[in-house]
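Report on one structure; see the data block that follows.
The values are calculated or read from the model by the stated rules, or taken from the named source; none is laboratory data. Remember, it's a predicted structure, so these values are computed and weren't measured experimentally. We place every Cβ from the backbone using ideal geometry, glycine too, and count neighbours over all the protein chains shown. Remember, those area values only see protein heavy atoms, side chains included, never the ligands or the DNA or RNA. Shrake-Rupley method; radii C 1.70, N 1.55, O 1.52, S 1.80 Å.
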Amino acid sequence: QLTLVVGATRPMLIGDSAVVLHEGQALQIDAGVPHGIPEQHSTCGPRVSINLFVATQAQVGSPPLSACLLAGRRPLEPAPQLCAFRWARPVTLDEALRPTDDLLFDHWRACSEALDGEQLPPRKRAKHAVGVPAELPTEWGVDTKVALDFAGLCAGAREVCLQRLQRVVDDREKVNDLNSYCSSVIKGVGDTFGAELQPQLREALNFKLKGSGWTLADLDSSAVGALAGLPRHSAAEIVSSLNSATVGNLSAFMTGCAKWHHTSCPLARALQSGWDAVVKVLAGCKAEVHSQALVQAIQMACEQHTLEAFEVACSALLLFPPGCTPPLSTYNSLFKAAGRVGRWPKALDLFNKLPEILQPNRYTYTALLDAVVHGGGPQTMLFALWNDMQRTGVAADPQLFSTMLQGCSDAAVADELLGDMDWQGIVPNREVLTSLVGCYRRAGAPTAKAWEALKLAKCCGLALDCQFFVSLVIALGFANDTGAVVLLVQSLRDVYKVKPDVFFYTAAIAQCARAGDMAGAETIISQMQRDGVEPNEHTHCAIIAAYSKAGHLKKAVEYFDLTNKEMALPIEAYCSILSGCRAVLDNTCALRILKKARQLGPVKSACYTLTRQCCAMAGDDDGAAKADTWQKRDGVPTHIPTSTVDDPLTGEPIAFQPGNDDESVAASVKTMMACVKSAGYDPRLWQYDPQISPEEREERLKYHTEKKALAWALQHFPQGSSITVRKTIRCCVDCHNTFKVASSAYGRTLRILDQVRMHEFTAGKCSCGDWW
């Protein structure tokens, strides 16, 4: 078998056409699209590149080749990898070496003669629409954003748009800002193109125009869209009142009448009163609504960032008048809102049902990627979206690359995306590199990867800020290289010309605390003092954690007492001290800190729990009992712990409580615990009374609420997706250890939002550095 991979700027991506030639077959290629293959958007034009290589049947049936043979829009399915022909990528491709059409034909003739002299069909050219370029003329001088927006329109919409823009470009004095005007025209055409008048309305309008010199062809796409977007009775009223003999501009007249009817729409009036009024009107809608009012209502719903509002927005899609398609920008808003409310599967479902007249653009894919990232979707769905984008020929921009990197946790994929950017001539911006560093952190990449990102930033001449360096410091900390963290702190001002702020220093100290590197933390604290940066409450918590984890409990307590006189420290500071007491089994100090906390104000149950554990581990039963007594006297309830995880299909929270009371959940727990045990999990039996048998203690640990929630989620969440568990009390040590091991064993990003903080587990590590 021979496989031809045809392309232009990127020959090996699935946005270009690919076909398998079985033995004895031949194929003619014109302008990059093989005959016999369904027409797809292709950027090839006259510049055609070709790579020939041998593929086995197994290779043809598996990614990336199998994804290349898809025709038309099909439902998205998780993809195991980015579909790029890595083995066929040239380092450079000289323009002079690109084959011409004649060269391709001669090559094909040679192949055909080699295949038993198969007869050549008549040579013919593929038909191309005249005057519909894929790009705006360079002499117009529009910016990259406008050019990409124009390229994202379908061919028919580009033709209409080009005609309108040409009239203004010929007389530029009519507009002050050409880029802004072009953007508005492109958006308007994209939102209205493809609208159709209903047959009955078309007949009535034809009758009204008869003999006036006007025809339906005189209506531009905006006028047709405005008329089709009206309820049928409103559109019929406009047509019946039309006096074509007195109309100077038919399109302007129809558009103006549609706007007037929009102001009288009940939904339009409700929009001026706020969201509650909009919900009330939409709930009572039993007939068609003005499309423009619906577009505004859906946009308002998306801005609410609530699940209820999102459901209202999805229901509003069904209220558009017949013949009027919701604009692509409305779908893009829905896609992005879906991620904010944890409904990324709904976003993909809407995308799969996208009307054929709408051609997804870069904003569409950015919104979809954003939905999957913020909704906790799997990396495989990011790959599926990226491959679909490449196959449809949509050009990516830096924002799209940044969003893709935010959801990736594979250093090899990050490198592949950087290669794509380099191939397309896109220079990474600061946002892209910040996302890149975050990807390296989640992937557990070594220090060298973080330094490569910094080197790339310098090569691109980017003006870096503290936000980028905060991400870089955290990545270095996750690589357990606190020496690099200290080096970066010392060189930030002089080498990188960036003024460090309190957030940068806090992140740097926190990474040293994670590793128990007190010397590094003290060096950073001294540098912060020399720079005159005042610490905030979170900086103080990081310093206390550094002392505590390094075993310097006395210094931690001294610093805690001194700082607590100047400001009220948050609960994290008390927990850090009490964790240090537990680590060195100092039950006396733990009781003193808890007593002090009780004097200053209400204390969360986590402090009582830590004190009780510290006393129990130190053999101080009286101290443990005292902590229990104080908790009851202070009226701080010992909550029945509950953990919740959102159902990936409905978004509804699923609650789990202690105990083995559900056979299906118990089976999931047993499966998960067997897996994590084989991956190195060791139960923390000391959490329970030593008088209880080890078997019973291990059984109790097994059915903690967060373990049950995680086990259920592993069975029901898509493969590779992140899982977030919310718990009403503090996460225990054993469950924390279980999540660490599970993140590595299952290759997922796991999170626990407990009473104290958020824990993010990736590749066997936690963001808290095992200190909470």
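Details
- Accessible surface of region 299-401 [probe 1.4 Å, protein heavy atoms]: carbon and sulfur percent: 54 percent
- Per residue, the convex hull spanned by the alpha carbons of region 510-585 comes to 78 Å³.
- For region 570-676, the share of accessible area belonging to carbon and sulfur comes to 53 percent (1.4 Å probe, ligands and nucleic acids excluded).
- For A479, the shell of other residues with beta-carbons less than 15 Å away shows a net charge of +2, using +1 for Lys and Arg and -1 for Asp and Glu.
- Cα→Cβ-extended label distance, 7 Å offset, between R530 and Q599, nm: 3.9 nm
- Space enclosed by the convex hull of the alpha-carbon atoms of region 479-636, per residue, Å³: 101 Å³
- Region 248-318 versus region 450-475: alpha-carbon centroid distance in Å: 45 Å
- Largest first, the three principal axis extents of the alpha carbons in region 240-394 are 59, 38, 21 Å in whole numbers.
- Taking trypsin sites (Lys or Arg not before Pro) across region 178-276, the ones in a DSSP loop with at most 14 further Cβ atoms lying within 10 angstrom of their Cβ are K210.
- For the listed peptides 538-547, 421-430, a ranking on the average number of other beta carbons within 10 Å per residue, highest first, reads 538-547, 421-430.
- Given R0 = 35 Å, the distance between the Cβ atoms of T138 and E356 translates into a calculated FRET efficiency of 0.65.
- Span from the region 346-389 Cα centroid across to the region 689-741 one, whole angstrom: 32 Å
- Solvent exposure, largest accessible area first (probe 1.4 Å, DNA, RNA and ligands not counted), of E695, E663: E663, E695
- Cα-only radius of gyration and Dmax that characterise region 689-731, units Å: 13.6, 42
- Exposure check, 1.4 Å probe, all protein chains in place: C459 carries approximately 100 Å² of accessible surface.
- Against the empirical 2.2 N^0.38 Å (N residues), region 254-337 has a Cα radius of gyration ratio of 1.02.
- Cβ-derived FRET efficiency at R0 41 Å, I640 paired with Q163, nearest 0.05: 0.05
- Intensity falloff of region 363-510 expressed as log10 I(q)/I(0), Debye formula with alpha-carbon point scatterers, at q = 0.21 Å⁻¹: -1.30
- Å³ per residue enclosed by the Cα convex hull of region 436-526: 79 Å³
- For region 171-309, the Kirkwood hydrodynamic radius comes to 16.8 Å, computed from all pairs of different C-alpha atoms.
- Over the C-alpha atoms of region 204-270, the Rg to Rh ratio, Rh being the Kirkwood estimate, stands at 0.97.
- Scattering profile of region 348-419 at q = 0.22, 0.23 Å⁻¹ [log10 I(q)/I(0), Debye over alpha-carbon scatterers]: -0.99, -1.08
- Cα Rg over Rh - region 419-485, Kirkwood: 0.97
- Residues in region 321-352 reached by a label modelled at E308 [backbone nitrogen below 17 Å; 7 Å Cα→Cβ]: 341-342
- FRET efficiency for the pair E537 and N249, taken as 1/(1 + (r/R0)^6) with r the Cβ-Cβ distance and R0 = 56 Å, rounds to 0.30.
- Radius 9 Å from Cβ of L750, net charge of other residues (Lys, Arg +1; Asp, Glu -1): +2
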